[in-house]
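These notes concern the structure reproduced below.
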Amino acid sequence: MKRHLVVLLLSALMAVSAAAQALPAAPTDSALFASIGRILQTIEEITGLKALKPVQHELIGREQVKKFLEDRIREEVKPEELRAEELTLKKFGFVPPEFDLKKTTVELLTEQAAAFYDYRKKRLYILDSQDTALQQMALVHELAHALADQHFNLDKYIRRGRESDDGAMARLAVMEGQAMWIMAESMAKQMNLSLRNSPALAEYMGREMSASAGQFPVFENAPLYIQETLLFPYTKGILFQQALIQKHGQEGFALVFQKPPLSTRHILHPETYFAGEKPTSPALPALKTAREYRTLAEGSIGQLDLAILLRQYVGEAEAASVSQRWRGGVYRLSEHKKDRRAVLAFCVDWDREDTAREFLGLYRKVLEGKWKKADVRASSKDEIRGAGDDGHFLVRRAGTVVSSLEGLRPEEERAQER
């Protein structure tokens, strides 16, 4: 799923974590940046990567954080792209019809931001705060980004992943997960511990990150999909980095930039990354009136997307069981050239035919849940058809692939049968 805003903005921002309470007393604001040299030395020891030049830095206020976010959106995201991303989320049922993607994303990240590293200006910013322990933790996290940027150019790294929405989210999990791991390891070193010998510490940090996010009102009121995709790079990224370190040791810090993960499945199941598993790219269902439409958005649907969708409308147990059997997925959002009616086409490839049948049955619950009214006129183990709030739908299974067309006119649905 296309989350251009999240990939764009989260790659610069660090969310607040209650784990800051585990830190010892930190220096005063006036002494905060004096500790940069010492922190960089610690990060160099952890990663084996040497700082190539000094890191520029300054304190900023929360309003400046908000301005940075708004400016970056204006510079990077065209209004049509923003509209398409928001409409895609609504068509899948991830967010309600009245949801404002830009406003909510800016408010969320402004609410939680403690620091950010601007990889364009090569400058680190720390929020001016009375919580010096939080500032110290944020400084470690952002210096880890700065060091990675000096060696691997984070701007290019994240941009090269945008060919696949799911791949871009995976790369973001590399960046944030590695910075989280380094931050946690530097804290552990102060207590004569190491995540290398105590992997439970990495799991603890992930849980704390997730728990602390609920303390913020904008986050708590956001749709599940927004919450989960904001947390994923941190909470799952740190566990992926832990797996890398356990398998490759210090070489894992560079390896994951040289050989990026291809999907959120790689992050969720590191063994698939180590095995070199590649996501499949099933063929989208052909819209027979395609000449009347223009493409608004297209991209990949990952394991993370399917897990959240099923959790939202079916249940956590089913989501966990079925989503891990994902093997690939793509979507396209098209808009009618005259009446601007949107049609969603997607398909998901599964490991076996019986999984595809299971998903087809579960997806009926998604259809019935995301609309106020879903009139299912025909349903079998291989097909579901009917009409919902925004048009007719046709969902089919063929082999291991389940495909869907949603938002059709009645005559367009009939044309698909021929």
- Item | Nonlocal amide H pairs with Glu298, under 5 Å, H built at 1.01 Å | Leu333
- Message: Straight-line reach only, C-alpha to C-alpha below 16 angstrom: list the aspartates and glutamates that Lys247 could link to, leaving out same-chain residues fewer than 8 apart.
- Response: Glu271
- Query: Which whole-angstrom value gives the distance between the alpha carbon centres of segment 221-248 and segment 290-321?
  - Reply: 18 Å
- Here the FRET efficiency for Ala254 versus Lys365, based on Cβ atoms and R0 = 41 Å and rounded to 0.05, is 0.40
- State the extension gain, in nm to one decimal, for the chain segment bounded by Ala415 and Ser198, taking 0.36 nm per residue of separation less the distance between their alpha-carbons. 72.2 nm
- Message: Students often forget the sequence filter, so: which lysines lie under 23 Å Cα-Cα from Lys122 once same-chain residues fewer than 8 apart are removed?
- Response: Lys50, Lys53, Lys66, Lys67, Lys156
- Could you let me know the centre-to-centre spacing of segment 344-407 and segment 123-149, using Cα atoms, in angstrom? 46 Å
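Read the figures in this text as sums done on the coordinates, not as results from a lab. Quantities reported herein were computed from a predicted structural model and do not represent experimental measurements. Neighbour counts are summed over all protein chains in view; Cβ atoms, including those assigned to glycine, are modelled from backbone coordinates with ideal geometry.
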